[in-house]
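Asker: Sending over a structure as structure tokens; questions will come in a sec.
Since every read-out is calculated from the coordinates, none of them should be taken as a lab result. Computed from a predicted model, the values in this text were never measured in an experiment. Using ideal geometry, Cβ is built from the backbone for each residue, glycine included, and neighbour counts are taken over all protein chains shown.
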Amino acid sequence: MRIGTGYDIHRLGPERKLVLGGLEIPFDRGLIGHSDGDAVLHAITDAALGAAGLPDIGELFPDDDPAFAGADSAVLLAAAMGRVRERGLEVGNVDLNVIAERPKLKPYKIAMRDRIAAILEVEPERVSVKAKTREKLGAVGRNEAIEVHCVILLEERSR
Ligand SMILES: [Zn+2]
């Protein structure tokens, strides 16, 4: 078994769609980034790459490369998972803390879990999405950003 951790934070800004965990969530602002800014999928990508001993997301998908401008982070995660599987590894489970003051993410947790499981090509029971707030503290608490922490377990494929 191999374990990896991932972390990401993106600023919220106007005139952006909010894309989080592969879902489009109705909100008056979105996450600013070179790609679609999906901090949830970025944290998972980095955790999986780290667990597999592969280069990190910034090395594989450089944010100064025009090829990744506006990129769908689900495509990037799927590509990273291809690299992970080449190493004979599969997802055991993924555990996420998604920290946002607003929008309230509770209504989206199940859909987000199912979407992530589909991208990872695993059963939904292997994915956990926890929605938290920052208790109004710091940049996330002021609703200026959304922050994500991820732990992933990879298992050598025997299936
Ligand atoms: Zn990111």
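Asker: Looking at region 1-44, which of its residues are within 29 Å of R157 (Cβ to Cβ), touching an Asp or Glu at 6+ places or on another chain (Cβ under 6 Å) and not small (G, A, S)?
Answerer: Hits for region 1-44 are M1, H42.
Asker: Same structure again: Would you check which residues across region 125-159 are among the polar types (S, T, N, Q) and under 14 Å from the mean Cα position of the chain (by Cα) and list them?
Answerer: Result: S128, single match.
Asker: A further question follows. For region 94-151, which residues satisfy the criterion of being part of a loop (DSSP other than H, G, I, E, B), within 16 Å of R11 (Cα to Cα) and free of Cβ contacts under 8 Å to residues at least 24 places away in the same chain?
Answerer: Correct list: L137 only.
Asker: Looking at (1) within 16 Å of the ligand (Cβ to nearest atom); (2) among the aliphatic types (A, V, I, L, M); (3) closer than 19 Å to V148 by Cα, which is the one condition that is false for V94?
Answerer: Only one criterion in (1) within 16 Å of the ligand (Cβ to nearest atom); (2) among the aliphatic types (A, V, I, L, M); (3) closer than 19 Å to V148 by Cα is unmet by V94, namely (1).
Asker: Which of the residues spanning region 18-56 are charged (D, E, K, R) and within 15 Å of the ligand (Cβ to nearest atom)?
Answerer: Correct list: D36, D38, D46, D56.
Asker: Residues G88, G70, G22: which one is free of Cβ contacts under 8 Å to residues at least 40 places away in the same chain and small (G, A, S)?
Answerer: Of the residues listed, the single one that is free of Cβ contacts under 8 Å to residues at least 40 places away in the same chain and small (G, A, S) is G70.
Asker: While we're here: When you check G22 against the structure, is it within 12 Å of I146 (Cα to Cα), buried (at least 21 other Cβ atoms within 10 Å of the Cβ) and small (G, A, S), yes or no?
Answerer: In short, no.
Asker: Further question on the same structure: Filter region 55-83 down to the residues that are assigned to a helix (DSSP H, G or I) and of a type outside the set (A, V, I, L, M, F, W, C) and list them by number.
Answerer: G58, E59, P66, S73, G82, R83
Asker: Name the residue, out of G70, G53, that is of a type outside the set (A, V, I, L, M, F, W, C), touching a Lys or Arg at 6+ places or on another chain (Cβ under 8 Å) and loosely packed, with under 15 Cβ neighbours inside 10 Å.
Answerer: G53
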